[in-house]
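Chemist: What follows is a single structure, and I will ask about it in a moment.
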Amino acid sequence: MTRMKPSCSPVVVVGAGLGGLMTALELAPAPVVLLSRSPLGREVASAWAQGGIAAAMAAGDSPVLHAADTHAAGDGLCDPEVVELVTSEAPGCVMQLERYGARFDRDASGVPALGREGGHGRRRILHSRDATGDTVTRALIAAALRTPSITILEGVDVRELLMVDGVVVGLLAARGDEKLLFSARAVVLATGGSGGLYGHTSNPLGARGDGLVMAARAGARLADLEFVQFHPTALDIDRDPMPLATEALRGEGATLVNSRGERFMIGLHPQAELAPRDVVARAIYRERAAGRRSFLDAREALGERFVTRFPTVHASCMTAGIDPARDLIPVAPAAHYHMGGIAADLRGRSSLTGLWAVGEVACTGLHGANRLASNSLLEAAVFGMRAARDISGQDQGGHGRQNASGAVGKPVEVQEWSLVQRIRGIMDREVGVERDAAGLRAAVKAFEAIRRESGPGPANDAATAGLLISVAALRRRESRGGHCRIDHPFSDPVGGRSFMTLAEAESIAACLDDDGTVAVALAANG
C-alpha cells in the first residue's frame with residue numbers, strides 16, 4: 001500500500017465491530033482506514049451478541065419510557081442528557097442500519113417482531129433470531145466492502161497512540177513482521193471491552209481492554225471503570241469463552257431454578273427472572289456459593305419451538321449433550337460488558353484532542369452502574385454516527401500510512417499467556433460478581449507485581465487494565481449496579497460517577513501500605 005497524500009489524509013478507525021463499522025460508513029466519502037486485529041466478523045463481541053437492539057417503535061411505547069427503564073437499570077448514575085439523546089435517536093438509528101442491509105425479525109404482517117428483555121417495561125427489542133449481532137455486523141461489513149473510501153486492513157495489532165504537543169496524530173501498529181505507522185487527522189478507538197480479563201467470560205478472549213490501556217497510557221480520562229456487568233446466564237458447560245443463553249429466553253418465559261427445583265428469583269425482585277442483570281447474576285452467584293447449581297428451564301415456555309426460535313443457543317446446548325426442549329440448561333454468571341471505559345462526550349470525543357471512542361471501549365454515561373439489556377449495540381451505532389458527524393466537521397490536516405521502525409506488539413507467547421491466565425484467575429476471585437476491600441487490595445498488589453516483572457506486551461497490558469478496574473472498585477465504597485461490595489452492601493446517597501487517569505491509579509496503588517491500609521488519596525469517588 002503506497003503512502004497517502006496529505007489531501008487524502010484518512011481517519012483511522014481501530015476495531016471492526018458495530019461501532020467501528022458504523023463510524024467508517026458514516027464518514028463516507030471521506031477516506032477512512034479501518035484496522036482489524038482479526039479477520040472481519042471474527043473475534044468481535046458485536047458479532048457474538050445474541051440479544052437485540054432496543055428502540056421504542058411499538059404503539060404504547062416511547063423514548064421517554066425507554067429512558068426511564070435505562071435510568072432504573074443504571075442505578076442513579078446514568079447521564080440524563082446522554083440517555084435522552086440515545087433513546088430518542090434509537091428508531092432512526094435502526095432505520096439507518098436497515099438501509100445498510102441489516103434485517104430484523106418481522107411478524108406475518110411485516111411489523112417488527114419486538115421482544116422483551118430484563119429491565120424493559122415494554123416489548124422494544126429488535127432481533128434477528130438469536131444472532132442479531134452477527135446479522136447486523138455482517139450487513140455492515142458488506143456495506144463497508146462496497147464503499148470505495150474505506151480501506152480495510154486485517155491482522156493489524158495496534159500498540160500505541162502517537163502524540164504531538166498533547167494531540168493524538170496517529171498510531172503505531174504491526175501486521176505480521178511489518179511495522180506500521182499511521183498518521184491521521186482523527187483516530188477512533190472502537191476496540192471493544194475487557195471481559196477477556198476474566199476466567200469466566202462470554203467475550204472473545206482477546207477483549208482484554210487493550211484500547212482502554214492504550215488511551216490511558218496517552219493520558220486519557222477514564223470513567224466508571226469499576227462497573228462490570230456479568231451476564232447471569234452463560235452456559236455452564238466447560239467452554240472458554242462461555243456461550244450465552246440469551247436473555248430473550250427469559251423474555252419468552254423461561255424460568256430459573258436451582259438444583260432443588262426451586263424458582264429462586266421469586267421473591268427476590270418484582271420482575272423475577274426479568275430483573276436487571278446485576279440482580280439475577282448475584283442471585284445465581286449466591287446459589288452457586290451455597291453449593292447449588294442454577295438452570296434455565298425452557299421446557300414449558302418453548303419446548304419443541306426452541307430449535308427454531310433460538311438456534312444458536314440450541315446448537316451450543318446440543319454440543320454439550322443437552323436438549324433444551326427436554327433438559328434443564330446449566331447456567332452461571334460470566335463477565336459480559338464493561339460499563340466503564342474511556343470518558344467520551346456526546347460527540348464521542350475523549351479528553352485527548354484528536355481521539356474519539358465509540359462502543360464498549362467508551363464510557364458515555366448511557367449505562368450508569370448497570371447496562372440495560374440491548375442498549376449496547378444501540379449505543380455503538382448511535383455514537384458511531386455521532387462521532388462520524390463530529391469528525392466530518394474537523395480540520396483536514398494530517399498524513400497517511402508510513403513504514404516505521406521501533407518496538408511494536410507481538411503475538412501472545414506461551415510465557416505471556418501463562419501470565420494472562422494468572423490475571424484472569426485474580427479477576428475472577430477478587431474483582432468478580434462480589435468484591436471486598438481485602439480482595440481488591442490483593443488484586444492491586446498482584447497486578448503491580450506482574451507489571452514490574454513483565455515487559456511490554458499482552459500480559460503487561462492485561463495487568464494494567466486489571467489494575468485500573470481494581471483501583472476504581474477499591475475507591476467505590478458502596479454497592480451499586482454491577483459493583484457489589486460485600487463489605488459496603490448499601491448505596492451511598494451522594495455517590496456519583498467516578499473519573500480517573502492511569503497516573504492517578506498508579507498513585508493510589510503506591511499508597512497501599514504493607515499492612516493493607518490505604519492512604520487518604522483513596523477517599524473520594526472521582
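The values are calculated or read from the model by the stated rules, or taken from the named source; none is laboratory data. Because the structure is a prediction, the values reported are computed rather than measured. Note that each Cβ is placed from the backbone with ideal geometry, even for glycine, and that neighbours are counted across all protein chains shown.
Chemist: For residues that are hydrophobic (A, V, I, L, M, F, W, C), in contact with a helix residue (DSSP H, G or I) (Cβ under 9 Å, 6 or more places away or on another chain) and in a helix (DSSP H, G or I), tally how many sit in segment 273-282.
Modeler: 2
Chemist: Just to be sure I understand, how many residues within segment 341-377 are hydroxyl-bearing (Ser, Thr, Tyr) and touching a helix residue (DSSP H, G or I) at 6+ places or on another chain (Cβ under 6 Å)?
Modeler: Total meeting the criteria: 1.
Chemist: Select from segment 96-110 the residues that are in contact with a strand residue (DSSP E or B) (Cβ under 6 Å, 6 or more places away or on another chain) and surrounded by 18 or more Cβ atoms within 10 Å (Cβ to Cβ) and list them in ascending order.
Modeler: PHE104
Chemist: Can you work out which of the residues in segment 466-516 that are acidic (Asp, Glu) and not in a helix (DSSP H, G or I) is nearest to the chain's Cα centre (by Cα)?
Modeler: The residue in question is GLU478.
Chemist: A further question on this structure: Give me a count of the residues in segment 319-335 that are buried (at least 24 other Cβ atoms within 10 Å of the Cβ) and within 27 Å of the chain's Cα centre (by Cα).
Modeler: 5
Chemist: Starting from residues that are over 28 Å from GLU226 (Cα atoms) and of a type in the set (A, V, I, L, M, F, W, C), keep the ones in segment 78-95 and report whichever is surrounded by the fewest Cβ atoms within 10 Å (Cβ to Cβ).
Modeler: Within segment 78-95, the match that is surrounded by the fewest Cβ atoms within 10 Å (Cβ to Cβ) is MET95.
Chemist: Sort through ARG103, ARG37, ARG42 and tell me the only one that's free of Cβ contacts under 8 Å to residues at least 12 places away in the same chain, on the phi < 0 side of the Ramachandran plot and of a type outside the set (Ser, Thr, Tyr).
Modeler: ARG42
Chemist: Would you check if there is a residue in segment 185-202 being more than 27 Å from ARG497 (Cβ to Cβ), assigned by TED's automatic domain parsing to the domain that holds GLU26 and buried (at least 23 other Cβ atoms within 10 Å of the Cβ)?
Modeler: no
Chemist: So for segment 61-77 (the condition being without any contact (Cβ under 8 Å) to a residue 40 or more places away in the chain, more than 22 Å from GLY368 (Cα to Cα) and surrounded by fewer than 23 Cβ atoms within 10 Å (Cβ to Cβ)), does at least one residue qualify?
Modeler: no
Chemist: Next question, about the same structure. Scan segment 283-306 for residues that are over 28 Å from the mean Cα position of the chain (by Cα) and either part of a helix (DSSP H, G or I) or surrounded by 19 or more Cβ atoms within 10 Å (Cβ to Cβ) (or both) and report the count.
Modeler: 4
Chemist: Test of understanding: among VAL64, VAL33, which residue is in a helix (DSSP H, G or I) and at pLDDT 95 or above?
Modeler: One residue alone meets the criteria, VAL64.
Chemist: If you don't mind, there's one more thing I want to ask. Considering only segment 247-272, state which residues are part of a loop (DSSP other than H, G, I, E, B) and charged (D, E, K, R).
Modeler: Of everything in segment 247-272, those that are part of a loop (DSSP other than H, G, I, E, B) and charged (D, E, K, R) turn out to be GLU247, GLU252, ARG260, GLU262, ARG263.
Chemist: Which members of segment 247-258 meet the condition of being more than 20 Å from ALA54 (Cβ to Cβ) and in contact with a helix residue (DSSP H, G or I) (Cβ under 8 Å, 6 or more places away or on another chain)?
Modeler: Result: THR255, LEU256, ASN258.
Chemist: Confirm whether SER109 is in the same structural domain as GLY365 (by TED's automatic domain parsing), modelled with pLDDT under 95, of a type outside the set (D, E, K, R) and outside any loop (DSSP other than H, G, I, E, B).
Modeler: No; evaluated as a whole, the condition is false for this residue.
Chemist: On the given criteria, is ASN375 among the polar types (S, T, N, Q) and at pLDDT 95 or above?
Modeler: yes
Chemist: While we're looking at this one, here's another question. Which of the residues spanning segment 197-246 are among the β-branched types (Val, Ile, Thr) and either in contact with a Ser or Thr (Cβ under 7 Å, 6 or more places away or on another chain) or outside any strand (DSSP E or B) (or both)?
Modeler: Within segment 197-246, VAL213, ILE237, THR246 meet the criteria.
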